[in-house]
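To start, the structure itself, in C-alpha cells.
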Amino acid sequence: MTKKRLWIAALIMGLGLAGCAQKSKEAAETAAATESPVESVVTTPPDAAAPDREAMAAEGGEPAAEVQTFEGTGVVKNITPSKSHIIIEHKAIEGFMNAMTMPFRIKDQAVLEGIARGDKVNFVLTVAGNDVYVSALKKVDE
C-alpha cells in the first residue's frame with residue numbers, strides 16, 4: 001500500500017510541475033507583451049543620424065559594421081588543410097590584442113600563396129564587427 005501512495009504522490013507532483021511550466025511560459029509571454037517602456041528606451045543621441053533603412057534592408061536588416069585594419073607580425077604555426085584558417089604566433093597587435101598564438105580566418109586563399117609553416121610574416125587583420133580575418137600576408141626575410 002505504501003508503494004502505491006508514493007507512486008500516486010509522484011504522479012500528482014509531476015502533473016503539478018507540468019502545470020507550473022505552462023503558467024511560467026504564459027507569464028513570460030505576458031511580460032514580453034507588456035514590456036515596460038523604460039526597458040525599451042533607445043539611447044541614440046539626438047544629434048545622431050538616422051540609419052539608412054533601405055541599405056539595412058538590402059544587407060539583411062543589420063547596419064554595416066565599421067571596418068578596421070590592424071597590422072601584425074608573427075610566425076606561421078599551421079595552415080588548415082582547407083586553407084580556411086591560418087594559425088599565427090604573433091606579437092601584440094597595437095590597439096587590438098595582446099601577443100598570443102591563435103587561428104585567424106582566411107577569406108581569400110590567394111593571400112596564402114608562397115606562405116608555409118614556420119614562415120615569419122607580416123599580416124593585416126581586417127575587423128568588421130565580429131568578423132575578423134587575415135586580408136594580407138607577406139613573408140619576411142629573416
Order the peptides 95-104, 127-136 from the highest to the lowest mean number of other Cβ atoms within 10 Å of their residues. 127-136, 95-104
Placed amide H near residue 119: partners under 5 Å, 5+ positions off or other chain: 76
Short version: ³J(HN,Hα) in whole Hz for each residue of the range 89-95, in order, from phi by Karplus 6.51 cos²θ - 1.76 cosθ + 1.60 (θ = phi - 60°), x for Gly and Pro, what are they? 8, 10, 6, 4, 9, 3, x
Summing +1 per Lys or Arg and -1 per Asp or Glu among the other residues with Cβ less than 12 Å from residue 133's Cβ gives 0
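No value in this document is a laboratory result; all are computed from the given coordinates. These numbers come from a predicted model, not from an experiment. With ideal geometry, Cβ positions are generated from the backbone for all residues, glycine too; neighbour counts draw on all protein chains shown.
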